[in-house]
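Student: Okay, handing you the structure first.
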Amino acid sequence: MSGAPIDLAYELVRLSLAAWRVTGNVEHASDGAIVIAGKKAIRIEPGPRNTMFRWLVTIDGRKRGAISLLAVLRQVRQALDPGYAACGVRVAVAPLVPS
């Protein structure tokens, strides 16, 4: 993977922390990953090729896959913002207006 996606992800994570008013220092690691130093140790890196996960997020030693940058941001915010309430979406077949 080229450096462009990781550089864009770095900026997105950095600006997201500021928008959420969450403390954390976002840095580039020597191996190209994104590291967030703060309340928790967080590492974001491109996922291995030929898998469904585009990103790997490691939080305090626990590694999880993420299929998109949105999923990465959700994991990061849940780890750093204890007041954050993640909302799930349910898709069901039903009429728009109940009868």
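The values are calculated or read from the model by the stated rules, or taken from the named source; none is laboratory data. Keep in mind that what you see is a predicted model, and the values were worked out from it rather than measured. All Cβ positions, glycine included, derive from the backbone under ideal geometry; neighbour counts span all protein chains shown.
Student: Tell me which residues, restricted to region 51-75, are small (G, A, S) and either farther than 16 Å from V13 by Cα or outside any strand (DSSP E or B) (or both).
Tutor: G61, G65, S68, A71
Student: Please list, ordered by first then second residue, the pairs with beta carbon atoms under 9 Å, 6 or more apart or interchain, first in region 1-18 and closer than 20 Å to T51 by Cα and of a type outside the set (V, I, T), second at pLDDT below 90 and surrounded by fewer than 11 Cβ atoms within 10 Å (Cβ to Cβ).
Tutor: So the pair list comes out as M1/R49.
Student: Out of all the residues in region 3-25, which are within 11 Å of L80 (Cβ to Cβ), in contact with a strand residue (DSSP E or B) (Cβ under 9 Å, 6 or more places away or on another chain) and aliphatic (A, V, I, L, M)?
Tutor: V13, L17, listed by residue number.
Student: S68 is checked against (1) closer than 14 Å to I6 by Cα; (2) buried (at least 16 other Cβ atoms within 10 Å of the Cβ) and fails just one. What number does that condition carry?
Tutor: (2)
Student: Take P48 and decide whether it is touching a strand residue (DSSP E or B) at 6+ places or on another chain (Cβ under 9 Å) and in a helix (DSSP H, G or I).
Tutor: So P48 fails the test.
Student: Hey, among the residues in region 24-47 that are under 14 Å from the mean Cα position of the chain (by Cα), over 17 Å from L8 (Cβ atoms) and not small (G, A, S), which one's surrounded by the most Cβ atoms within 10 Å (Cβ to Cβ)?
Tutor: Going through the qualifying residues, I end up with I42.
Student: Within the set of pairs 6 or more residues apart or between chains, which connect a residue that is of a type in the set (D, E, K, R) inside region 58-76 to a residue that is modelled with pLDDT under 95 with Cβ atoms less than 6 Å apart?
Tutor: Filtered contacts from region 58-76: D60/K40; D60/A41.
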